[in-house]
Amino acid sequence: MRSIPKNVASSEAARHVRAVLWLTILVLLFGAQSAPAQEAGSIQGKVTDSSGAPIFGAVVTVEGGGGSRTTVTDIEGAFQISLLPAGNFNVKISASGMSDWTAESVAASAADTKPLLAVMQLAPTVTSVTVGLSPKELAEEQVKRETQQRVVGIIPNYFVAYDNHAAPLSPRQKFNLSLKTLIDPATFAAVGITAGIQQSRNSYHQFGQGSEAYSKRFGAAYGTAATNLLSTSALGASVLHQDPRYFYSGEGTKKQRAWYAIKSAFRAKGDNGKWQPPYASVLGTVAAAELSELYYPGSRTQYTLLGRGLMFHFGGLIGLNLGQEFFLKKFTSHAPAGSAASVPTLREGTPVKLIAVDGFGSHGVVGGQTVTFVLAEELTHRGRDLARTGDVASGVVTEVTAGNSPDAAGSVALQKMMLRAGGNINVPLRSNQARGAATPVQYHELPGSGKVVITLFVAENVVFPETE
């Protein structure tokens, strides 16, 4: 038998290997082309009320497949969420004033399927009741409670409100709190100690020494306390409509509470509930300093008189406020237990996620246009829904910048943004979580729906009524 050269055998083997490889590639390509493609599915439907009228701006959320997708209904009440993996999803639909509508195991299919028909019912009516009395009567009850507040049961602690949303005081109530403080035995004791310290240090040496000199120092010290308290907390606060009390916070980190106490020395809450510059306390302090010239001996320059008066006023307030915020409540009789924030309150800086339903789409928006949004997620306070998914918000566009690509985020500047929580409580919104200059906010397209979503923030604390 004739032998085969080695080089010929190796060439034949190489050809066989190449043939097998090509055959394998062809089999894989044929198998890949013949395998059924995994097509994306969608869920679509229509949302109406019990009369059959379409519901515009209902929030539709589908959950399943390891995630969730959200969209809102159009003017005809229709919706569609595309690009869903094949499978079953749970559907939840929410709208302002309506009970939520849910469906389980809804199939997402690429084939034409019968659209969902969601018929929503009116939400049960929640009865709002006023807790307490009229504002005037409520203030009277608060004053009665505050005049029982004493540190270690001895020192009056009348000018602190542990309810952050206390009713405003009338002029008569402001004078009553001031006079009760002035005639309290603890005040006379404090003035007596002050006069004794002054006498021991021979302050205001013109008064001399002895019992008569002590009486003069006592009268001058009491006159200073009286004129200061009456001119700031009674007369000034009444004329300028400002509240003389410190409003206890009790919330946040220690740093946040300390900053709240410090800045409260340089502002006052007006009788309208808004923070204002402390006109009453500054003018009252200046007036008290000028009056002290009538009964204190010696001469002082206006710089010394007013400068020292204001310095001691603000320095004393900072120290007192820090004490009120961190220590004095623990030792104050009749102070309410717990935080001051028992009233349902939507806090400033709370993030609010909104979906545009009118005047704003993935194509963008023009300046000067009014845009309508719906709330994408509930806003809650201690388990209670203060604003429900589907509540309506609106505002005016002032500037818009489109993204660099279809998938990139754009930005939009908004003004006069207002959320109607529960349909009847206005919640102002802003673009920044912290206070400051308004800046444009980014918007993103929701996958599979073509709707856009933005996140704004509550612009100020909003108090909600108690319900039962």
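Just a few scattered comments:
- Charge tally for GLU251 (other residues, Cβ to Cβ under 14 Å; Lys, Arg +1; Asp, Glu -1): +3.
- Intensity falloff of segment 150-266 expressed as log10 I(q)/I(0), Debye formula with alpha-carbon point scatterers, at q = 0.17, 0.23 Å⁻¹: -0.95, -1.22
- Each part reduced to its alpha carbon centroid, segment 425-466 and segment 207-254 end up 44 Å apart.
- For segment 41-120, the spread of Cα positions along each principal axis, largest first, Å: 33, 23, 17
- Fewest-first ranking of VAL106, VAL152, VAL59, using other Cβ atoms within 10 Å as the exposure measure: VAL152, VAL106, VAL59
- Sorted by Cβ density within 10 Å, fewest first, the residues SER431, SER203: SER203, SER431
- Packing, as the average of other Cβ atoms within 10 Å across residues, places the peptides 140-150, 221-231 in the order 221-231, 140-150, highest first.
- Ascending count of other beta-carbon atoms within 10 Å, so fewest first, for ILE55, ILE75, ILE81, ILE154: ILE75, ILE154, ILE55, ILE81
Read-outs: derived from the displayed coordinates by stated rules, not from any lab. These numbers come from a predicted model, not from an experiment. Cβ: placed from backbone, ideal geometry, glycine included. Neighbour counts: every protein chain shown.
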